[in-house]
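Structure, as structure tokens:
No value in this document is a laboratory result; all are computed from the given coordinates. Because the structure is a prediction, the values reported are computed rather than measured. With ideal geometry, Cβ positions are generated from the backbone for all residues, glycine too; neighbour counts draw on all protein chains shown.
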Amino acid sequence: MRQDEPYSHTEVEIIEIKALLTESYGVSLKPFNWRPAVFENWVYASRFLEPPEYFTKRVHLWRADTGELAACVIRGTHFTNVQVGYDYRFLENEIFMWAEENLLDQKPVISMVYDWDEERQELLKNRGYHEEGAIEDVRIYDLTRDYPPVALPSGYHITTLAEYGNYAELIDLVNQVWGMSLDEAWFRGKSTAPGYSLDRKLLVVSPEGRLAAYCLFWLYPDNKTAEIDPIGTHPDYRQRGLARALVLESFRRMRERSMRFAYIASETEDPVVSHLYASLQPIVTYQGCKWIR
């Protein structure tokens, strides 16, 4: 192996990391690394909000003898996120050791491991970590099966951001849904992500002409998979079946684009969301568990 190396936040490195993530989901549908949408959102949503140093201090790379990217570690707000190719899992112990020694401002060290991944669970146990329970559910849906038709309350309709065109209203909706204060710079960055498309940003418009709910679906054509992330409903319009309609419409459009499987990840502690996603009969559900050292 070549030595590990610092991250420079170049476009080439960004493409390499996305390719590593995409390749890992070509090996197995099981959640393992970040899905590409998670990575693109992390990079591009902060593109015009944070300086390059924000990213270079939070990522470190490992390469194979050929120069191919073998793995990286990404430090999020709270979690140490190890991304590694299946052929290079032997690097995981070294990567965690590096993170524990070099990410000194992140104490305690926290990581998320999926319930199926006994190999990493054992590694973290041996490194002094302990599990604190499930925090994420990842559901996988078979897009070839028949789903219920899209149904909306009278007077509501679904459109796309490309058709609707009012970005300021979308930003306000996102802030209302999540209790945030995002601005035009956030949207300008996020919408430059290669996997982002205004045609795949679905919106529910109320009878009064207000934006009531939204979602974004991402396509991974190399693996014939797709993902919905995020999805949200304005507090004034909840419990009306709008999120369910957006999921079903996303599934329909994914299938039109020849996708085979879809992912939806959500917080384990949200019973309303869990009930909705479970009711759509995923073929399998995995859980991501919090591990702390």
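Output ³J(HN,Hα) for the stretch 145-162: one whole-Hz value per residue in order, computed from phi by the Karplus curve 6.51 cos²θ - 1.76 cosθ + 1.60 with θ = phi - 60°, and x for Gly and Pro.
Each residue of the stretch 145-162 in turn: 7, 7, 10, x, x, 5, 10, 10, x, 4, x, 8, 8, 9, 9, 10, 5, 4 Hz.
Could you point to the residue in 203, 33, 49 farthest towards the positive end of the chain's charge dipole, with +1 and -1 charges on the Cβ of Lys/Arg and Asp/Glu respectively?
Result: 203.
Quick one: P(r) of the stretch 168-265 from all Cα-Cα pairs, 5 Å bins, percents rounded to integers, in order of increasing distance.
Result, from short to long distances: 2, 13, 23, 24, 19, 12, 6, 1, 0 percent.
Taking the alpha-carbon set of the stretch 170-209, what are its Rg and Dmax in Å?
Over the stretch 170-209's Cα set, Rg and Dmax evaluate to 11.6, 33 Å.
Can you compute 3J(HN,Hα) from phi for each residue in the stretch 132-137, using the Karplus curve 6.51 cos²θ - 1.76 cosθ + 1.60 with θ = phi - 60°, rounded to whole Hz and x for Gly and Pro?
10, x, 6, 10, 9, 10
Any idea how far apart residue 126 and residue 12 come out in nm if each label point goes 7 Å out from Cα toward Cβ?
Result for the modelled spin labels: 3.5 nm.
Quick check on packing: order 5-12, 182-189, 78-85 by the mean number of other C-beta atoms within 10 Å, highest mean leading. Walk me through the numbers on the way to the answer.
Values: 5-12: 11.9, 182-189: 15.5, 78-85: 19.8.
Descending mean neighbour count gives 78-85, 182-189, 5-12.
Over the residues of the stretch 98-184, compute the C-alpha Rg and express it relative to 2.2 N^0.38 Å.
Values: Rg = 21.5 Å, N = 87, 2.2 N^0.38 = 12.0 Å.
So the stretch 98-184 has a normalised radius of gyration of 1.79.
Could you state the angle between the C-alpha long axis of helix 11-27 and the longest principal axis of the C-alpha atoms of the chain, as a value from 0 to 90 degrees rounded to the nearest 10?
Between the helix axis and the principal axis of the chain, the angle is about 80 degrees.
Taking only pairs that are 8 or more places apart or on different chains, how many Lys pairs in the chain have Cα atoms under 18 angstrom apart?
10
What angle, in degrees between 0 and 90 and rounded to the nearest 10, separates the Cα long axis of helix 92-102 from the longest principal axis of the Cα atoms of the chain?
So the inclination is approximately 90 degrees.
Where the only charges are on Cβ atoms (+1 Lys, Arg; -1 Asp, Glu), what is the dipole of the stretch 217-288 about its Cα centre, to the nearest 20 debye? Could the numbers behind the result be given before it?
On the way: 9 positive and 9 negative charges, 87 e Å.
Dipole size: approximately 420 debye.
Multiplying the sequence separation of residue 66 and residue 103 by 0.36 nm and subtracting their Cα-Cα distance, what value in nm do you get?
Details: separation 37, 0.36 × 37 = 13.32 nm, distance 2.74 nm.
Result for the pair: 10.6 nm of gain on full extension.
Report the charge-dipole magnitude of the stretch 154-199 in Debye, nearest 20, computed about the Cα centre from +1 at each Lys and Arg Cβ and -1 at each Asp and Glu Cβ. Mind showing how you got there, number by number?
On the way: 2 positive and 6 negative charges, 28 e Å.
Dipole about the Cα centre, nearest 20: 140 debye.
Computed on alpha carbon atoms, what radius of gyration and Dmax characterise the stretch 182-230, expressed in Å?
Values for the stretch 182-230 (Cα only, Rg and Dmax): 12.8, 41 Å.
Before rounding to the nearest 500, sum -39500 (n - 2.57) across all DSSP H runs of length at least 4 in the chain and divide by the residue total; then give [θ] at 222 nm in deg cm²/dmol. Please report the intermediate quantities before stating the final value.
Details: 10 runs with 98 residues, N = 293.
Theoretical 222 nm ellipticity from helices: -9500 deg cm²/dmol.
Would you mind estimating how fast the stretch 1-146 diffuses translationally, via Stokes-Einstein at 10 °C and 1.306 mPa s with the Kirkwood radius over Cα pairs, in µm²/s? Mind dumping the intermediate values first?
On the way: Rh = 16.2 Å.
This corresponds to a translational diffusion coefficient of 98 µm²/s.
What's the angle, to the nearest 10 degrees (0 to 90), between helix 242-256's Cα axis and the longest principal axis of the chain?
So the helix axis and the longest Cα principal axis differ by about 70 degrees.
Provide Rg over Rh for the stretch 3-81; use the alpha carbon set for both Rg and the Kirkwood Rh (inverse mean inverse pair distance). Provide the component values of the computation, followed by the final result.
On the way: Rg = 12.4 Å, Rh = 13.1 Å.
Result for the stretch 3-81 is an Rg/Rh of 0.95.
Select from 144, 66, 159 the residue whose mean-square fluctuation is largest in a Gaussian network model of the chain (Cα-Cα springs shorter than 10 Å).
Judging by the Gaussian network model, the answer is 66.
Could you give me the radius of gyration and the Dmax of the chain, taking only the C-alpha atoms into account and expressing both in angstrom?
19.6, 61
GNM, the chain, Cα, under 10 Å: largest mean-square fluctuation among 223, 126, 33?
Highest fluctuation among the options: 126.
Rounded to whole Å, give me the distance from the Cα center of the stretch 35-65 to that of the stretch 169-201.
Between the Cα centres of the stretch 35-65 and the stretch 169-201 lies a distance of 18 Å.
7 Å from Cα along Cα→Cβ at both residue 23 and residue 54: what's the point-to-point distance in nm?
2.9 nm
Only Lys, Arg, Asp and Glu count, each charged at its Cβ (+1, +1, -1, -1), so figure out the dipole size of the chain about its Cα centre, rounded to 20 debye.
Details: 32 positive and 44 negative charges, 143 e Å.
Magnitude of the dipole: close to 680 debye.
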